[in-house]
Amino acid sequence: MTEQPRRPHKPGKPYRRPQKDPVRILAFEALRAVDERDAYANLVLPPLLRKARETTEGFDARDAALATELVYGTLRRQGTYDAVIAACVDRPLREVDPPVLDVLSLGVHQLLGTRIPSHAAVSASVELARVVLGDGRAKFVNAVLRKVARDDLAGWVEKVAPPYDEDPEDHLAVVHSHPRWVVSALWDSLGGGRAGIEELLAADNERPEVTLVARPGRSTPDELLGEEAAVAGRWSPYAVRLAEGGEPGAVEAVREGRAGVQDEGSQLVALALADAPLEGTDRRWLDGCAGPGGKAALLGALAAERGAFLLASEKQPHRAGLVAKALAGNPGPYQVIAADGTQPAWRPGAFDRVLVDVPCTGLGALRRRPEARWRRRPEDLENFAPLQRGLLRGALEAVRVGGVVGYATCSPHLAETRAVVADVLKQMPDTDLIDARPLLPGVPDLGDGPDIQLWPHVHGTDAMYLALIRRTG
């Protein structure tokens, strides 16, 4: 019996094995995990990079940087790239197999979003397709990418995006790669105007800086500033920014838990609550939604400086474990428990300061989790609404008369910010909103108050929201 060739090839032409490119294979694996398992790239990518360094000879920092750019760049621009691919295939995108679409998207990003030469981008993508998809589908990838390579990003956007004057929201959705409903929601939160929304959407597609926090009593900004390519934060006195390519795991204070990775917006939320004026004692603090522990670690350190006790509560036991890890070594008294803030495990009026950073859509952190924009749906707002209101009510019941509650969320959506606060305060009239703006001295453009909305394009932070509420009766 004659043995058949493993793959079809032209008669007389020797079969060539596809060349395995560890960088692009890694990027493809990360995208498949995001698509198949609803994983987050920032959780999937580090172990894949670590494995590549350990098992692939010659895999270095430049390879890791390219793999990271391919993954995050493809996810951020997915909406735009889908529109380009749709214009170059002869079937609806939903009929293109997801693994094929991932290879195409990686190829389109190399063609339109990087400085990789077109011939190299196409060639590398076709080789990747041969490895992970087979020769037949590699030909399809080759044909599509050659069509894409005929124009640059600006030219393609002009072809596939509707004119702004005809459909502003859809135009912005395609140009800036956001779902239309997200564009609409962010535009409402900004209060109108084309310039602001374009700047915000563009900022969502930029690589965020790595920001560290020096936890008081355990580390100092000066210690972190001794690291290579480290510069002071813009707004938080405890913040230090690492230049592009800076590796937090290489920082001794981070490895030891004396410092952490924390967006400056999150730091400002904790600082504002800690500095809010109180009437009476200041001995017991509560973080009612403490996972994964960044704000709790900063609050615990600030509480320790004043001799105050911090209770960090998190409903999910595995996340409570992350909180315990973040707080380990805190210089003052604290306790971590797994408890539901809507069914509190503490007596009413037990705390002087309470923070609830509630679960939300995460629309304020799309720079860091670009895949979230494609997963979220408008109906998610309805699912979060009862929980957000329940947690704020529970926080107001947990604080004593004269004490302060901070309601925070990493979303600027009005349904998750001001609407929640307004609804709960109607039900609990013995409360007053505190003007939070003076508590962040030097931070500009905080809005009309009394609450605070931070923005990526204005402050360089995640779009954190904070309302401070005093219990008056």
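The values are calculated or read from the model by the stated rules, or taken from the named source; none is laboratory data. Remember, predicted model here, so these are calculated numbers, not experimental data. Note that each Cβ is placed from the backbone with ideal geometry, even for glycine, and that neighbours are counted across all protein chains shown. Accessible surface is based on the protein model in full, side chains and every heavy atom, while ligands, DNA and RNA are left aside. Shrake-Rupley method; radii C 1.70, N 1.55, O 1.52, S 1.80 Å.
Tell me, what % of the accessible area of segment 149-281 is carbon and sulfur with a 1.4 angstrom probe?
Carbon plus sulfur share of accessible area: 48 percent.
Quick one, what does Rg over Rh come out to for segment 371-473 if you take C-alpha atoms and the Kirkwood Rh?
Taking Rg over the Kirkwood Rh, I get 0.99.
Which three extents, in angstrom, do the Cα atoms of segment 51-124 have along their principal axes, listed largest first?
41, 24, 22
Which whole-Hz ³J(HN,Hα) couplings does segment 378-394 yield from phi under the Karplus relation 6.51 cos²θ - 1.76 cosθ + 1.60, θ = phi - 60°, glycine and proline marked x?
Once rounded to whole Hz, the list reads x, 5, 4, 4, 5, 5, 6, 3, x, 5, 4, 5, x, 5, 5, 4, x.
So, in Å, what gap is there between the alpha-carbon centers of segment 393-449 and segment 287-339?
So the two Cα centres are separated by 21 Å.
What does the accessible area per residue of the chain come to in Å², with a 1.4 Å probe and no ligands, DNA or RNA counted?
Using a 1.4 Å probe on heavy atoms only, each residue of the chain averages 45 Å².
Where the accessible area of segment 33-97 is counted over protein heavy atoms with a 1.4 Å probe, how much of it, in %, is carbon and sulfur?
45 percent
Can you pull the semi-axes for the chain, root of five times each eigenvalue of the Cα gyration tensor, sorted largest first, whole Å? Mind dumping the intermediate values first?
On the way: eigenvalues 412, 130, 75 Å².
Here the semi-axes work out to 45, 25, 19 Å.
If you put +1 on each Lys and Arg Cβ and -1 on each Asp and Glu Cβ, how big is the dipole of segment 270-318 around its Cα centre, in Debye rounded to 20?
Dipole size: approximately 140 debye.
Please work out how much accessible surface D165 shows to a 1.4 Å probe, ignoring ligands, DNA and RNA, in Å² rounded to 10.
140 Å²
Can you check what the net charge comes to around L391, using other residues whose Cβ is under 14 Å from the Cβ of L391 (Lys, Arg +1; Asp, Glu -1)?
Around L391, the surrounding residues sum to -4.
On a full-extension model of 0.36 nm per residue, what is the gain between E244 and K426, subtracting their alpha-carbon distance, rounded to one decimal in nm?
My answer for the length gained is 60.9 nm.
To the nearest 10 square angstrom, how much accessible area does K295 have with a 1.4 angstrom probe?
Solvent-accessible area, nearest 10 Å²: 30 Å².
Identify, among V336, L70, Q453, the residue whose Cα sits farthest towards the positive end of the charge dipole of the chain, taking +1 on the Cβ of Lys and Arg and -1 on the Cβ of Asp and Glu, with the dipole about the Cα centre.
Highest projection toward the positive end goes to L70.
Taking a ≥ b ≥ c as the square roots of the eigenvalues of the Cα gyration tensor of segment 12-105, is the shape rounded (a/c under 1.5), prolate (a/b larger than b/c) or oblate?
The shape class here is oblate.
In whole Å, what is the distance between the alpha-carbon centres of segment 351-386 and segment 137-166?
For segment 351-386 versus segment 137-166, the Cα centre distance is 33 Å.
Please give the FRET efficiency for A350 paired with D448, using the beta carbon to beta carbon distance and R0 = 30 Å, rounded to the nearest 0.05.
Step by step, r from the Cβ atoms, then E = 0.35.
Scale the Cα Rg of segment 207-357 by the rule-of-thumb value 2.2 N^0.38 Å and send over the ratio, two decimals.
1.03
Dipole magnitude of the chain about its Cα centre, charges +1 at Lys/Arg Cβ and -1 at Asp/Glu Cβ only, in debye to the nearest 20?
The calculated dipole for the chain is roughly 1560 debye.
If you take the beta carbon distance between D152 and D340 as r and set R0 to 51 Å, what does 1/(1 + (r/R0)^6) give as a FRET efficiency, to the nearest 0.05?
Calculated transfer efficiency: 0.45.
Once fully extended, how much extra length lies between D167 and R377, figured as 0.36 nm per residue of separation less the alpha-carbon to alpha-carbon distance?
Length difference between fully extended and current span is 73.5 nm.
Normalised by the empirical 2.2 N^0.38 Å for globular proteins, what value does the Cα Rg of segment 361-419 take? Write out the running numbers ahead of the final one.
Values: Rg = 13.5 Å, N = 59, 2.2 N^0.38 = 10.4 Å.
Against the empirical 2.2 N^0.38 Å value, I get 1.31 for segment 361-419.
Accessible area, 1.4 Å probe, largest first: how do H171, H178 sort?
Descending order: H171, H178.
Based on the Kirkwood radius over alpha-carbon pairs, what is the Stokes-Einstein translational diffusion coefficient of segment 131-180 at 10 °C with 1.306 mPa s viscosity, in µm²/s?
Rounded, D is 124 µm²/s.
Beta carbons within 10 angstrom, averaged per residue: use that to sort the peptides 86-97, 215-226, 192-203, highest first.
215-226, 192-203, 86-97
Go ahead and estimate [θ] at 222 nm for the chain from helices alone: -39,500 (n - 2.57) per DSSP H run with n ≥ 4, summed, over the residue count, rounded to 500.
-14000 deg cm²/dmol
So if R0 is 41 Å, what FRET efficiency would K159 and R62 give, r being the distance between their Cβ atoms, rounded to the nearest 0.05?
Computed FRET efficiency for K159 and R62: 0.75.
For segment 167-253, what is the convex hull (Cα atoms) projected area averaged across all directions, in square nanometres?
In nm², the orientation-averaged hull projection of segment 167-253 is 7.4.
Report the charge-dipole magnitude of segment 255-383 in Debye, nearest 20, computed about the Cα centre from +1 at each Lys and Arg Cβ and -1 at each Asp and Glu Cβ.
420 debye
If you take every residue apart from P412 with its C-beta less than 12 Å away from the C-beta of P412, what net charge results, scoring Lys and Arg +1 and Asp and Glu -1?
Taking every other residue near P412 into account, the sum is -4.
Could you please put E169, E54, E371, E247 in sequence from largest to smallest accessible area, using a 1.4 Å probe?
Listed by decreasing accessible area, they come as E54, E247, E169, E371.
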